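Participant: Pasting in a structure now, in structure tokens, and then I'll have a few things to ask.
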Amino acid sequence: MPRKIILDCDPGHDDAMAILLAQGSPDIDLVGITTVAGNQTLDKTTLNARRVCSAAGITDVPICAGCAAPLLRPLVTAAYIHGESGLDGPQWPEPTVPLSDEHAVDFIVRTIMESDGDVTLVPVGPLTNIALALRREPRIVAKTREVVLMGGSSERGNHTPAAEFNIIVDPEAAAAVFSTPWPVTMVGLNLTHQAGAGPDVVERIRALGSPLARTVVDLLGFFGSTYKVAEGRPHPPVHDPCAVARVAKPELVEVQDAFVVVETKGEWTSGMTVTDFTGRLGRAPNAKVATVLDRAGFWDEMVSAIAALGPASR
Ligand code: RIB
Ligand code: CA
């Protein structure tokens, strides 16, 4: 039975890959896409979600725009990775997929409350929408199957040495999500850095020959260029689809129980996901933390999803 998910995202090159994996995987039923400010401003991340869905022929999934700023802090964006548009690289035609007029937070609350308790939240951007959904309707806690988020790290950060981008943009929202008694899986940088899009993968995607495959190759080309400059990485890590893969095929992503708490006050460590695997802090585990990726299996899923969405060019 495909797993129902709501993908909350800030497209973003790897968010775009997460949308494609979610829609192209037979193991996922993508019931909605919600957008949040993060990699770029909300207007740009929302336009980008519409662009990706239009390019992939995804016409049956509602797109709902959410929060334009973090709960308390000024918005920080990531043009140094995703470019001014948030999805630099491909030439994007005008999107044909419309934007819903329902706010993301209302969509999340309504969808979960109307469900049989079988909806999984997959946030892959800052957690502002999720934190506000919790405030708006605390009863979603008991009706959400689980939260599988891309964010944080059990090791180093990326936006700062201590903090991963999605968490540091809105640490207060992240703290609310991790301190809520619902099943949370953290798919952090320590996992997603195992998902580098190397030339082997790019050539497999290019060989699919569809217009969508060409768009993905262009996305990865830009994403790779900025990651080389920003972090000296030879291949760009596609963070967000790793969270989707954990839901689609859990066996691809090994996890370990841990106590995770978000630092919100540290002068140098704000946004850090302090991860305790061994009980040193005397606190019971509150999350599953992703540790090992089956890289080959992950890319098989990703390439199959792109193939499923884009007919080979004639
Ligand atoms: O740190 C990586 C995360 O921040 C990814 O979700 C990327 O899209 C950005 O949102
Ligand atoms: Ca993202």
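The values are calculated or read from the model by the stated rules, or taken from the named source; none is laboratory data. Predicted model only: the values in this text are computed from it and were never measured. Note: ideal-geometry Cβ built from the backbone for every residue, glycine included; neighbour counts use all protein chains shown. Just so you know, the surface numbers come from the protein's heavy atoms only, side chains and all, with ligands and any DNA or RNA stripped out. Shrake-Rupley method; radii C 1.70, N 1.55, O 1.52, S 1.80 Å.
The rows are residues; the columns are (1) outside any strand (DSSP E or B); (2) out of contact with any helix residue (DSSP H, G or I) (no Cβ under 8 Å at 6 or more places or on another chain).
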site	(1), (2)
Pro74	yes, yes
Leu99	yes, no
Arg145	no, yes
Ser154	yes, no
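Participant: Quick one: what pairs do we get from the stretch 104-124, first residue at negative phi, second at pLDDT below 95 and open to solvent by 10 Å² or more (accessible area, probe 1.4 Å), C-beta under 9 Å, 6+ apart or different chains?
Facilitator: Cβ pairs passing all conditions: Asp118/Met1.
Participant: Next question. Taking only the stretch 169-206 into account, find how many residues are aliphatic (A, V, I, L, M) and within 9 Å of ligand 1 (Cβ to nearest atom).
Facilitator: Within the stretch 169-206, residues that are aliphatic (A, V, I, L, M) and within 9 Å of ligand 1 (Cβ to nearest atom) number 2.
Participant: With respect to Val238, is the statement that it is under 17 Å from Asp88 (Cα atoms), of a type outside the set (D, E, K, R) and open to solvent by 10 Å² or more (accessible area, probe 1.4 Å) true?
Facilitator: Working: under 17 Å from Asp88 (Cα atoms): yes; of a type outside the set (D, E, K, R): yes; open to solvent by 10 Å² or more (accessible area, probe 1.4 Å): no.
Taking the combined requirement at face value, the residue does not satisfy it.
Participant: Restricting the search to the stretch 47-62, which residues are polar (S, T, N, Q), open to solvent by 10 Å² or more (accessible area, probe 1.4 Å) and either within 16 Å of ligand 2 (Cβ to nearest atom) or part of a loop (DSSP other than H, G, I, E, B) (or both)? Please lay out each step first, then the result.
Facilitator: Step one: of the stretch 47-62, the residues polar (S, T, N, Q) are 48, 54, 59.
Filter once more, keeping what is open to solvent by 10 Å² or more (accessible area, probe 1.4 Å): 54, 59.
Thr59 - this is the single residue of the stretch 47-62 that is polar (S, T, N, Q), open to solvent by 10 Å² or more (accessible area, probe 1.4 Å) and either within 16 Å of ligand 2 (Cβ to nearest atom) or part of a loop (DSSP other than H, G, I, E, B) (or both).
Participant: Another question about this same structure. Determine which single condition Arg136 fails, assuming it passes every other condition in (1) open to solvent by less than 30 Å² (accessible area, probe 1.4 Å); (2) in contact with a helix residue (DSSP H, G or I) (Cβ under 8 Å, 6 or more places away or on another chain); (3) under 18 Å from Gly66 (Cβ atoms).
Facilitator: For Arg136, the exception is condition (1).
Participant: Tell me the residue from Ala245, Ala230 that is surrounded by fewer than 16 Cβ atoms within 10 Å (Cβ to Cβ), in contact (Cβ under 8 Å) with a residue 60 or more places away in the chain and not in a loop (DSSP other than H, G, I, E, B), please.
Facilitator: After applying the criteria, what remains is Ala230.
Participant: Just to be sure before I move on: is Arg283 in contact (Cβ under 8 Å) with a residue 24 or more places away in the chain and over 30 Å from Ser304 (Cβ atoms) in the structure I sent?
Facilitator: For Arg283, the condition - in contact (Cβ under 8 Å) with a residue 24 or more places away in the chain and over 30 Å from Ser304 (Cβ atoms) - is met.
Participant: Check every one of the helices (runs of 4 or more DSSP H) wholly within the stretch 156-198 and list those with 3 or more residues that are in contact with a strand residue (DSSP E or B) (Cβ under 8 Å, 6 or more places away or on another chain).
Facilitator: Working: elements: 165-169, 171-179, 189-192.
By residue number, 171-179, 189-192.
Participant: May I pose another question? Using beta carbons and a limit of 6 Å, which pairs, at least six apart or on different chains, have the first residue in the stretch 199-219 and surrounded by 15 or more Cβ atoms within 10 Å (Cβ to Cβ) and the second one of a type in the set (Lys, Arg)?
Facilitator: Close Cβ pairs (under 6 Å, with a partner that is of a type in the set (Lys, Arg)) amount to Val217/Arg206.
Participant: How many residues are within 15 Å of Leu189 (Cα to Cα), surrounded by 19 or more Cβ atoms within 10 Å (Cβ to Cβ) and in contact with a Lys or Arg (Cβ under 7 Å, 6 or more places away or on another chain) if we restrict to the stretch 248-279?
Facilitator: 1
Participant: Among all residue pairs at least 6 apart or on different chains, which show Cβ distances below 6 Å where the first residue, located in the stretch 56-84, is in contact (Cβ under 8 Å) with a residue 40 or more places away in the chain and the second is away from ligand 1 (no atom under 16 Å from the Cβ) and of a type in the set (D, E, K, R)?
Facilitator: These pairs meet every condition: Cys64/Glu102; Leu71/Glu172; Leu72/Glu172.
Participant: Looking only at the stretch 86-100, count how many residues are of a type outside the set (A, V, I, L, M) and surrounded by 15 or more Cβ atoms within 10 Å (Cβ to Cβ).
Facilitator: 7
Participant: Under the condition of being among the acidic types (Asp, Glu) and part of a loop (DSSP other than H, G, I, E, B), which residue from the stretch 3-41 is nearest to ligand 2 (Cβ to nearest atom)? Quick ask: steps written out before the conclusion?
Facilitator: Quick first cut of the stretch 3-41, residues among the acidic types (Asp, Glu) only: 8, 10, 14-15, 27, 29.
Still in the list and also part of a loop (DSSP other than H, G, I, E, B): 10, 27.
Numbers: Asp10: 5, Asp27: 21 Å.
If we take residues in the stretch 3-41 being among the acidic types (Asp, Glu) and part of a loop (DSSP other than H, G, I, E, B), then Asp10 is nearest to ligand 2 (Cβ to nearest atom).
Participant: A follow-up question, please. Have a look at Gly66, Gly83, Gly32 and point out the one that is crowded, with 24+ Cβ neighbours inside 10 Å, in contact with a helix residue (DSSP H, G or I) (Cβ under 8 Å, 6 or more places away or on another chain) and not hydrophobic (A, V, I, L, M, F, W, C). Lay out the reasoning, then the answer.
Facilitator: Working: Gly83 fails: crowded, with 24+ Cβ neighbours inside 10 Å; Gly32 fails: crowded, with 24+ Cβ neighbours inside 10 Å.
Matching residue, one of Gly66, Gly83, Gly32: Gly66.
Participant: Give the residues of the stretch 244-263 that are more than 15 Å from His13 (Cβ to Cβ) and among the aliphatic types (A, V, I, L, M), sorted by residue number.
Facilitator: If the condition is that a residue be more than 15 Å from His13 (Cβ to Cβ) and among the aliphatic types (A, V, I, L, M), then Ala245, Val247, Ala248, Leu252, Val253, Val255, Ala258, Val260, Val261, Val262 are the ones that fit.
Participant: If I ask for residues that are closer than 22 Å to Gly117 by Cβ and hydroxyl-bearing (Ser, Thr, Tyr), which ones from the stretch 7-47 would you list?
Facilitator: Result: Ser25, Thr34.
Participant: Looking at the stretch 2-23, can you tell me whether even one residue there is open to solvent by 10 Å² or more (accessible area, probe 1.4 Å) and more than 25 Å from Ala195 (Cβ to Cβ)?
Facilitator: Scanning the stretch 2-23 turns up no residue that is open to solvent by 10 Å² or more (accessible area, probe 1.4 Å) and more than 25 Å from Ala195 (Cβ to Cβ).
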